[in-house]
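Written below as structure tokens is the structure these notes are about.
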Amino acid sequence: MNDNSNTPPRKIIHVDMDAFFASVEQRDNPALRGQPVAVGGSAQRGVVAAASYEARRFGVRSAMPSVTAARRCPSLIFVPPRFEVYRAVSQQIREIFSRYSDLLEPLSLDEAYLDVTADKPQVGSAIRIAELIRLAIRQETGLTASAGVSYNKFLAKIASDQNKPDGIFVVRPHEGAEFVASLPVRRFHGVGPKTSERMGRLGIHEGADLCTKSMDFMIAHFGKSADYLYHASRGVDQRLVRSDRTRKSVGRERTFSEDLSTDVALSAALEDAIDSVWHSIETSRVAGRTVTLKVKYADFRQITRSKSCEECLTDKSQFGAAARVLLAQLLPVPLGVRLVGLTLSNLSPIESPQAPSLINQNITSQRQFDF
């Protein structure tokens, strides 16, 4: 099913790196290869940022408390994150993407949408482009990626998860509605456990069940998500791949292996966060007005302090000064600190790229090529 019966289908690829952080660690440390690895946290505290596929077999997942992960997998190896390395590898991968499309929408360090309708490399096949991208990533970074190819973003993202790890899956225009019909609603992007449970009580378990419901029913039960779910259940998604997509915030959190209890230790942790976040800000080509400091104490009590400026912060010294003011408000700390987070929000792009060509987006005058 096409997004628009009067317009030829777009060719969208969603590329998702396989266990990205953990795979980078295994690539760089041969002793970790084939082992269950968790990036972030420790056996005693913290949160898992990423888990290798060997660890996932034990039920270890990202965002899981480290103590739970260690209990599920006693042989789990905890590795501290190296975000500067992950960012550098991500830039390598984005450079590869740019060879195949000018319409690139990164979602995070390890995944992105590409609209390859214009066939920039003149390959003649969206599937072949996805294969070439995966091959280049493997050859140039030593890592694997999975890809989904379809005619819209909704289906491409689901497809990239279909044959993980190191796989590719294609949903062609005539296959979309049938593919979605058999899809468990829990796999719809944005449908979490609570929404899935609510759907179950309404007798909605798969896309086919959702497709039988009217728009009035959807609005009554799912509010703002009604339009998206109504069309997605029919294999339709009109969203364009936007290369000028602006992030809402840039930030970093770190849980420490031992509580920080002195002003000196907290100041050092803040400086580390300033360096890390500002690197992400420069990479993202954004500026922001609101700085937020988050502190979690040893008793798990959490506190945040924010400072909004009239103008966007355009250099590191301004950002750092605002962050230090926020920390000064909390010193001296009454308890040890287990986590420090720093975020810049109210973002604006430093440069606004030209809007994507309507010819490229709608391909009304582009030559057609096969999936």
Open item on the list: Suppose we filter 303, 281 for residues that are on the phi < 0 side of the Ramachandran plot and over 24 Å from the mean Cα position of the chain (by Cα); which single one remains?
Closed with: 303
Open item on the list: Would you confirm, using the coordinates I've provided, whether residue 323 is in contact with a Cys (Cβ under 6 Å, 6 or more places away or on another chain) and buried (at least 18 other Cβ atoms within 10 Å of the Cβ)?
Closed with: no
Task: Candidates 305, 338, filtered to the one that is within 12 Å of residue 291 (Cα to Cα), modelled with pLDDT of 90 or more and either outside the structural domain of residue 120 (by TED's automatic domain parsing) or buried (at least 16 other Cβ atoms within 10 Å of the Cβ) (or both) - done: 305
- [ ] Can you confirm whether region 187-208 contains a residue that is of a type in the set (Phe, Trp, Tyr) and modelled with pLDDT of 95 or more?
- [x] no
- [ ] Return the only residue of 76, 104 being within 30 Å of residue 9 (Cα to Cα) and of a type in the set (A, V, I, L, M).
- [x] 104
Task: Verdict on residue 60 being touching a Cys at 6+ places or on another chain (Cβ under 8 Å) and assigned by TED's automatic domain parsing to the domain that holds residue 173 - done: yes
Task: Qualifying residues in region 152-196 (those that are buried (at least 20 other Cβ atoms within 10 Å of the Cβ) and among the polar types (S, T, N, Q)) - the one nearest to residue 135 (Cα to Cα) - done: 160
Task: Hey, residue 113 assigned to a strand (DSSP E or B) and out of contact with any Cys (no Cβ under 7 Å at 6 or more places or on another chain) or not - done: yes
Open item on the list: I'd like the residue in region 199-219 that is of a type outside the set (Val, Ile, Thr) and in a loop (DSSP other than H, G, I, E, B) and, out of all such residues, is nearest to the chain's Cα centre (by Cα).
Closed with: 205
TODO: Take region 172-190 and flag every residue that is out of contact with any strand residue (DSSP E or B) (no Cβ under 9 Å at 6 or more places or on another chain) and outside any helix (DSSP H, G or I).
DONE: 188, 189, 190
Open item on the list: Any residue at all in region 104-114 that's surrounded by fewer than 16 Cβ atoms within 10 Å (Cβ to Cβ), more than 25 Å from residue 240 (Cα to Cα) and of a type outside the set (Gly, Ala, Ser)?
Closed with: no
Open item on the list: Restricting to region 125-166, and then to whatever is assigned to a helix (DSSP H, G or I) and without any contact (Cβ under 8 Å) to a residue 40 or more places away in the chain, can you tell me which residue is nearest to the chain's Cα centre (by Cα)?
Closed with: 158
Open item on the list: Here's a check for you: in region 220-273, which residue that is among the basic types (Lys, Arg) and more than 21 Å from the chain's Cα centre (by Cα) is nearest to residue 317 (Cα to Cα)?
Closed with: 224
- [ ] Please name all residue pairs, on different chains or six or more residues apart, with Cβ atoms under 9 Å, provided the first residue is in region 253-273 and is in contact (Cβ under 8 Å) with a residue 24 or more places away in the chain and surrounded by 14 or more Cβ atoms within 10 Å (Cβ to Cβ) and the second residue is of a type in the set (Phe, Trp, Tyr) and not in a helix (DSSP H, G or I).
- [x] 259/297; 269/256
Open item on the list: Condition check: β-branched (Val, Ile, Thr) and out of contact with any helix residue (DSSP H, G or I) (no Cβ under 9 Å at 6 or more places or on another chain). Does residue 295 satisfy that?
Closed with: no
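The values are calculated or read from the model by the stated rules, or taken from the named source; none is laboratory data. None of the values given here were measured: they were computed from a predicted structure. Reconstructed Cβ throughout: ideal geometry from the backbone, glycine too, with neighbour counts over all protein chains shown.
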